[in-house]
Amino acid sequence: MDTNIDASDFCYSGKGKLNLKKWSTGLKKHLYADKADLSTKLSTFQEEIDERQQQMYAQDRFAMLLVFQAMDAAGKDGTIKHVMSGINPHGVEVTAFKRPSEEELDHDYLWRTTKALPGRGMVGIFNRSYYEEVLVVRVHPQILESQRLPEAAMKDLPGLWKQRFGDIKNFESHQNANGMHIVKFFLHVSKEEQKRRFLERIDDPAKNWKFNSGDLKERACWEAYMEAYEEAIAATATKKSPWYIIPADDKGDMRLLVSAAILSEMKRLKLAWPVLPKEQQDTLAVCRAELLKPET
């Protein structure tokens, strides 16, 4: 089955000025007819993504890092679960980053995420990432006090954010040059849809655990976050490490577009099953002949 879904319209690689207000949070027409159609299309994507991940594992030359960033209730967890659930777990590593520990605060801000990078042949998924350091920390600069930075850095916050954008861009370029393909997703949910999902979490006892009163404090900083996201995406998007700004008001459309984007980026790597050297092929032929001998 060909899903025929193209995510390229939602890819931003740094060309042109970025204005998030001009990027839609929802599609005019859904990419699926009903829940059954959505499930079928997601399964089709999962099968092809799984095969290409296995090729990546067999080649042992490339790695892939998928970075997910979003406002609260945009659907990061569910998207990761539904898009990657059909993939061989041996080839996928998911890491969720929370508040830094004391050990992590004793190192630079890239240290803890660098430790979690996937090895060759693997697909790594970051649920939040080093981008928190130019998003949450930028909106709440008082967090910097716990990072024990040099005084000079604290005196010039605009310069600090600019430096961190450069650090991140160079970091991703270095990883790319060494075989790691980094793809970043901003799940772009509207403030109205976030409100609806928050109310659903409050009204549904089965979802109460998902809601935290602190979420409202972050919601009050919506405009500051949008400004931080806009500048961070614009400063770090490149052709080799693009951002996908995915409409997130409808979870089904969001998951299909993320799936399409992942598959498209995998195709860029030109993955294939490795061809063994002649010596190894000869060994396989000998082993095959041995297995075909009559049992005694």
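Summary table
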item: Yes/no for M254 being closer than 28 Å to Q55 by Cβ, in a helix (DSSP H, G or I) and either charged (D, E, K, R) or in contact with a Pro (Cβ under 9 Å, 6 or more places away or on another chain) (or both); result: yes
item: From the options A177, A220, A237, residue that is touching a residue at least 12 places away in the same chain (Cβ under 8 Å) and small (G, A, S); result: A237
item: Helices (runs of 4 or more DSSP H) enclosed by the stretch 100-183 - at least 3 residues per element that are over 18 Å from Y229 (Cα atoms); result: 102-105, 111-115, 151-154, 157-177
item: Unmet criterion (only one of (1) without any contact (Cβ under 8 Å) to a residue 40 or more places away in the chain; (2) at negative phi) for K270; result: (2)
item: Test result for L257, out of contact with any His (no Cβ under 8 Å at 6 or more places or on another chain) and over 28 Å from K29 (Cα atoms); result: no
item: Subset tally (residues that are farther than 20 Å from S190 by Cβ and surrounded by fewer than 12 Cβ atoms within 10 Å (Cβ to Cβ)) for the stretch 7-42; result: 8
item: Residue within the stretch 138-156 that is surrounded by 15 or more Cβ atoms within 10 Å (Cβ to Cβ) and at pLDDT 95 or above present; result: yes
item: Any hit, the stretch 27-50, residues being in contact (Cβ under 8 Å) with a residue 40 or more places away in the chain, outside any helix (DSSP H, G or I) and closer than 30 Å to L276 by Cβ; result: no
item: Check on W23, of a type in the set (A, V, I, L, M, F, W, C) and within 28 Å of D249 (Cβ to Cβ); result: yes
item: Where a residue in the stretch 75-87 is touching a residue at least 40 places away in the same chain (Cβ under 8 Å) and its partner, wherever it lies, is assigned to a loop (DSSP other than H, G, I, E, B), with Cβ under 8 Å and at least six apart; result: G75/V189; G75/A248; K76/R128
item: Restricting the stretch 79-95 to residues that are over 11 Å from the mean Cα position of the chain (by Cα) and assigned to a strand (DSSP E or B), the residue that is nearest to S259 (Cα to Cα); result: V92
item: Residue among A289, A260 that alone is closer than 13 Å to A7 by Cα and not in a loop (DSSP other than H, G, I, E, B); result: A260
item: Residue match in the stretch 203-210 (condition: touching an Asp or Glu at 6+ places or on another chain (Cβ under 7 Å), touching a residue at least 12 places away in the same chain (Cβ under 8 Å) and either surrounded by 11 or more Cβ atoms within 10 Å (Cβ to Cβ) or of a type in the set (S, T, N, Q) (or both)); result: no
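Yes or no, residue by residue, for (1) at pLDDT below 95; (2) over 16 Å from the mean Cα position of the chain (by Cα):
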site	(1), (2)
Y12	no, no
N19	no, yes
K22	no, yes
L31	no, yes
F45	no, yes
E102	yes, yes
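Residue-by-condition table, conditions (1) buried (at least 20 other Cβ atoms within 10 Å of the Cβ); (2) β-branched (V, I, T); (3) at pLDDT 95 or above:
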| residue | (1), (2), (3) |
| --- | --- |
| C221 | no, no, yes |
| A235 | no, no, yes |
| Y244 | yes, no, yes |
| M254 | yes, no, yes |
| L284 | no, no, no |
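The values are calculated or read from the model by the stated rules, or taken from the named source; none is laboratory data. Computed from a predicted model, the values in this text were never measured in an experiment. Counting neighbours? That spans all protein chains shown, and the Cβs are built from the backbone with ideal geometry, glycine included.
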